[in-house]
Amino acid sequence: MRSALDDEQWEAPSLCEGWSVHDVAAHLVDSARTTRVGFFLGLARAGFDFDRQNARGVARERGASPADTLERLRSVASRTSRPPGSVDTRLVEEVVHGEDIRRPLGIHRDYPDLAVSRALQLQARTPASFGGAKKLVSRVQLVATDAYLVVGDGPEVRGPALSLLLAVSGRSGALAELDGPGVASLV
């Protein structure tokens with residue numbers, strides 16, 4: 001993330017509903033600091049409400065200023081701890097939330113194909129209660145037009161792997177980048 005964002009950009013709405021760019025950066029800090037044990041303790045404290053747990057993490061890790069939060073983000077960038085699940089959870093966090101920040105600000109980034117493919121495959125296996133799209137993807141077949149990747153069975157949804165990942169992660173703006181008879185099932 002560039003540090004050259006102005007205050008207006010930091011407070012701009014992200015693609016992650018209800019969160020500003022600053023909030024998403026704070027979430028990335030929280031996610032990077034979360035250990036397996038910490039995840040379960042936090043989830044229990046939040047009454048087993050995943051969204052409440054995330055909101056508490058944002059509040060905890062959001063610095064007094066964007067510069068504070070950015071410094072926190074830089075300080076955790078090399079951490080290897082993670083919430084429970086596969087290491088690919090970090091790919092989902094980085095790619096999807098990276099786009100949550102970049103797209104509203106008009107910032108483009110290319111991601112390694114393997115990172116996007118692995119993130120998409122994880123989202124397809126993960127229940128919605130943990131931020132995934134297992135049930136949603138069970139109704140369609142996702143076909144990446146820029147990678148050798150086919151996920152699921154049903155009416156086809158075709159498009160770039162990144163757009164597929166964003167769409168199944170609840171970013172409705174990515175639907176315009178997809179085509180096929182299954183697109184309506186992703187709404």
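Quick one: putting +1 on the C-beta of Lys and Arg, -1 on the C-beta of Asp and Glu, what dipole do you get for the chain around its Cα centre, in Debye to the nearest 20? Please report the intermediate quantities before stating the final value.
Values: 23 positive and 24 negative charges, 164 e Å.
Charge dipole, the chain, about its Cα centre: 780 debye, nearest 20.
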Subject >> For the chain, with +1 on Lys and Arg beta carbons and -1 on Asp and Glu, the positive-most of ILE101, ALA184, ALA26 along the dipole >> reply: ALA26
**OP:** For the range 13-96, run through the GluC sites (Glu not before Pro) and keep only the ones in DSSP coil with at most 13 other Cβ atoms within 10 Å of their Cβ.
**Re:** GLU17
Original post:
How about the range 1-110: which chymotrypsin sites (Phe, Trp or Tyr not before Pro) there are in a DSSP loop, with at most 16 other Cβ atoms within 10 Å of their Cβ?
Top reply: PHE48
**OP:** Compute from the Cα atoms of the range 7-87 the Rg and the Dmax, the latter being the longest Cα-Cα distance, and quote both in angstrom.
**Re:** 12.7, 36
**OP:** With no solvent and one equal point scatterer placed on each C-alpha of the chain, evaluate the Debye formula and give log10 I(q)/I(0) for q = 0.09, 0.13 Å⁻¹, two decimals.
**Re:** -0.32, -0.67
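Read-outs: derived from the displayed coordinates by stated rules, not from any lab. This one's a predicted model, so the numbers in the text were calculated from it and none came from an experiment. Cβ: placed from backbone, ideal geometry, glycine included. Neighbour counts: every protein chain shown.
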